[in-house]
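Have a look at this one.
The values are calculated or read from the model by the stated rules, or taken from the named source; none is laboratory data. Here the structure is a predicted model, which means the values were calculated and not measured. Neighbour counts run over all protein chains shown; Cβ positions are idealised from the backbone, glycine included. These accessible areas exclude ligands, DNA and RNA; they are computed on the full protein's heavy atoms, side chains included. Shrake-Rupley method; radii C 1.70, N 1.55, O 1.52, S 1.80 Å.
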Amino acid sequence: MDDNGASELPPEEPHTIPEIDVKSGADPVYDLLLVGAGPTGLACAIDAQKAGFRTVLVDKGCVCNSLFHYPSHMTFFTTSELLEIGDIPFPSPNAKPTRNEALEYYRQVAAHYQLDVRQYLRVERVAGADGAFTVHTIDRFDRPGELKARKLAIATGYYDLPNMMRIPGEELNKVHHYYDDPHPYFGLDVVVIGGKNSAAISALEMWRHGARVTLVHHDPELHRHVKYWIKPDIENRIKNGEIKAYFNSRVVQISPDTVTLRTPDGCVVLHNDFVFAMTGYHPDFEFLEAMGVRFEGPDKRPVCNPETLESNVPGIFLAGVIVAGSRTNEIFIENGRFHGALIARALGSCSVDR
C-alpha cells in the first residue's frame, strides 16, 4: 500500500488473445470452453490453463458482468483473501473490499494470465457431443459465429435473470430489478419490494440520499439473513417512520403514477415514481436443459458428479452457483472459486486428445 492508502496491485497488462494458426486455415479446437467470465469462470480457466489445456471463455456481457451490475458503492460481505483466484493476492486498504476494487482485481488477474476472454458474445446453442462440441454464438452486432471445443464448462451464475412478480405494470420502464446508484431518485417516491440484503441496502441508500422510500415485504419481518450491521439500521429507520414499511403485504399492480398494495388492512394505493423489485434471481435453467442437463428435486439441482462436477451430459461440466440449483445462497465466489481445480483434475484424468 502506498502513502495515500492505495493498494499495490501490479500494473494492468494489455489483454491479449492467443494467436490462431493462420497457416493451417483451420479454426482452433479448444480443450475447454467456459460459458461465463465471472470470478468462478476465470478461476476455472486459470486452473485448466495451468494444467496445460487450451482454454477460451465467452460471456454475453463484460468480464465479471454480474459484479459490474452490482450497486456502484457496494462493499462485499467478505474479506478480500476469500475472493482471490489464481494464487494472486487481492490487496485492499479496506477490511472488506468494494465492487470497484474487485472489478480491478479480476481484470488484472485475467490480464496476468492472458486469458482468452470473448466478451459480448452470447451462446445461442450447443451442438455436438463429448470431444467435439460446437458452440454457436451471436456477437453484439448480431453476427453469428461458432467455436469448437472438446469439453465445456458452464459458469453462468444467476444474477442476470431476476425473479419476476408477474403482475400488471411490471414491464413499465419505472420498474427495476437492479439497483445501482441513489442519486437519480433524490426527492422522488420509491417503492422497494423485498426483505433481504439487496432490498435493505437499496432502501437505506436511497433514503440517505433524499428519496422518500417505502418498503414492501410479503413476510411479517425482514429476513433473518440480513447482515447484522444492516438489519438494526433499517429497523430503526422503519421504527422512526423515516422509511415506511408494509409487512405481510404484496404489490399487486403498478401504474405510471401509482403502486397498489394488498395489505392486512386492505388495498392501499401509493403515489410512486420508481419501483425496485429486489425479488431475487435464478440460474438459467432453460439453457442447461437445452443441452440435456437434468435436474433433481424441488430446488432443481443439476445432476453432476460432486468429485468432478461433470453433469449427466458427458463432457459438460458445471461450476459456481448453478451447481446448487435454485438454492443460490449456498455457493458464492468464496467456494465457487475452487471448482476449477476439480474440473482441471477431471480433464487431466480423461483422455483429451490434444
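Taking 7 Å along the Cα-to-C-beta vector as the label spot, tell me the His112-His183 distance in nanometres, rounded to one decimal.
Label-label distance for His112 and His183, simple model: 3.2 nm.
Mind listing which trypsin sites (Lys or Arg not before Pro) in region 112-184 are in a DSSP loop and have 12 or fewer other Cβ atoms within 10 Å? Each step should come with its number before you reach the end.
On the way: sites: Arg118, Arg122, Arg125, Arg140, Lys148, Arg150, Lys151, Arg166, Lys174; in loops: Arg140, Arg166, Lys174.
Of the trypsin sites (Lys or Arg not before Pro), the ones in loops of region 112-184 whose Cβ has at most 12 other Cβ atoms within 10 Å are Arg140, Arg166.
Can I ask one more? Summing +1 for each Lys or Arg and -1 for each Asp or Glu, what net charge is found among the other residues whose Cβ lies under 12 Å from the Cβ of Thr258? Can you show the working numbers first?
Numbers: positive: Lys174; negative: Asp189, Asp257, Asp273.
With Lys, Arg at +1 and Asp, Glu at -1, the neighbours total -2.
Additional query: Considering only the other residues whose Cβ falls under 12 Å of the Cβ of Val135, what net charge follows from Lys and Arg at +1 and Asp and Glu at -1?
Around Val135, the charge tally is +3.
Hey, what's the Kirkwood Rh for region 100-226 if you take every pair of different alpha carbons, in angstrom?
18.8 Å
To the nearest 20 Debye, how big is the dipole of region 63-211 about its Cα centre, given +1 on the beta carbon of each Lys and Arg and -1 on that of each Asp and Glu?
Numbers: 15 positive and 18 negative charges, 54 e Å.
Computed charge dipole of region 63-211: roughly 260 debye.
Let me ask you something else. Using a 1.4 Å probe over the heavy atoms of the protein chains, calculate the carbon and sulfur portion of the accessible area of region 44-203 as a whole percent. Mind dumping the intermediate values first?
Numbers: 3750 of 7200 Å².
With neighbouring chains kept in place, the figure for region 44-203 is 52 percent.
Something else now. Grab the DSSP H runs of the chain that are 4 residues or longer, score each as -39,500 (n - 2.57), total them, divide by all residues and round the 222 nm result to the nearest 500 deg cm²/dmol. Display every interim value, and only then the final one.
On the way: 8 runs with 72 residues, N = 354.
Calculated at 222 nm, the ellipticity per residue is -5500 deg cm²/dmol.
Looking at region 125-177, which chymotrypsin sites (Phe, Trp or Tyr not before Pro) are in a loop (DSSP not H, G, I, E or B) and have at most 11 other Cβ atoms within 10 Å?
Details: sites: Phe133, Phe141, Tyr158, Tyr159; in loops: Phe141, Tyr158, Tyr159.
The qualifying sites are Phe141.
If you don't mind, another one. Please give, to one decimal in nm, the separation of the simple spin-label points placed at Leu172 and Phe295, each 7 Å out from Cα toward the Cβ.
Placing both labels 7 Å along Cα→Cβ, they lie 3.1 nm apart.
Turning to a different aspect of this structure: Please report, in debye to the nearest 20, how large the charge dipole of the chain is about its Cα centre when each Lys and Arg carries +1 at its beta carbon and each Asp and Glu carries -1 there.
Working: 35 positive and 47 negative charges, 157 e Å.
With only Lys, Arg, Asp and Glu charged at Cβ, the dipole is about 760 debye.
Could you pull out every residue, at least 5 positions away or on a different chain, whose amide H is within less than 5 Å of the one on Arg301? Hs are placed 1.01 Å off N in the peptide plane, and Pro or chain starts have none.
Those qualifying (amide H under 5 Å, at least 5 residues apart or on another chain) are Glu296, Ser326.
Per residue, how much accessible surface does the chain expose to a 1.4 Å probe? Answer in Å², no decimals.
Numbers: 17760 Å² over 354 residues.
Value returned for the chain: 50 Å² of accessible area per residue.
Right, next: Quick one: in region 227-354, what % of C-alpha pairs are over 19 Å apart?
On the way: 5413 of 8128 pairs.
Result for the distance tail: 67 percent.
Less than 18 Å apart at the alpha-carbon level, and either on another chain or at least 8 residues along: which lysines does that give for Lys151?
Lys50
Okay, moving on. Out of all DSSP beta bridges with both ends in the chain, state the antiparallel percent to the nearest 5.
Working: 30 of 59 bridges.
Within the chain, antiparallel bridges account for around 50 percent of the total.
Can you tell me what percent of all Cα-Cα pairs in the chain are more than 26 Å apart? Each step should come with its number before you reach the end.
Numbers: 34451 of 62481 pairs.
The proportion of pairs with Cα distances above 26 Å equals 55 percent.
Given charges of +1 on the Cβ of Lys and Arg and -1 on the Cβ of Asp and Glu, with all other atoms neutral, how large is the dipole of region 38-108 about its Cα centre, in debye to the nearest 20? Don't jump to the answer; show the numbers that get you there.
Numbers: 6 positive and 7 negative charges, 42 e Å.
The dipole of region 38-108 has a size of about 200 debye.
Based on the Cβ-Cβ distance from Phe77 to Asp219, what FRET efficiency comes out when R0 is 22 Å, to the nearest 0.05? Before the final figure, lay out the partial values.
Numbers: r = 21 Å, r/R0 = 0.96.
Efficiency, rounded to the nearest 0.05: 0.55.
Cα centroid distance between region 266-336 and region 156-214, in Å?
Centre-to-centre (Cα) distance: 21 Å.
Sticking with this one: Choose one of Ser326, His282, Gly241: the residue whose Cα lies farthest towards the positive end of the charge dipole of region 225-354 (beta-carbon charges +1 Lys, Arg; -1 Asp, Glu; about the Cα centre).
My answer, from the dipole projection, is Gly241.
What distance in nm lies between label points placed 7 Å from Cα along the C-beta direction at Arg327 and His209?
It works out to 3.6 nm between the two label points.
Which angle between 0 and 90 degrees, to the nearest 10, do you get for helix 197-208 versus the longest principal axis of the chain when only C-alpha atoms count?
Computed tilt is about 50 degrees.
On to the next question. Taking springs between alpha-carbon atoms closer than 10 angstrom, which of Ala95, Ala45, Ala111 fluctuates most in the Gaussian network model of the chain?
The residue with the greatest mean-square fluctuation here is Ala95.
Which of Ala290, Ala149, Ala245 moves most in a GNM of the chain, Cα contacts under 10 Å?
For the chain, modelled as a Gaussian network with Cα springs under 10 Å, the answer is Ala290.
Under 10 Å, Cα contacts only: if you run a Gaussian network model on the chain, which one of Ala211, Ala110, Ala48 comes out with the highest mean-square fluctuation?
Ala211
Expressed as a whole percent, how much of the Cα-Cα distance distribution for region 281-336 exceeds 12 Å? Don't jump to the answer; show the numbers that get you there.
Working: 956 of 1540 pairs.
For region 281-336, the fraction of Cα-Cα distances above 12 Å is 62 percent.
Using the Kirkwood radius built from alpha carbon pairs, what does the Stokes-Einstein equation give as D for region 154-311 at 10 °C and 1.306 mPa s, in µm² per second?
So the translational diffusion coefficient is about 93 µm²/s.
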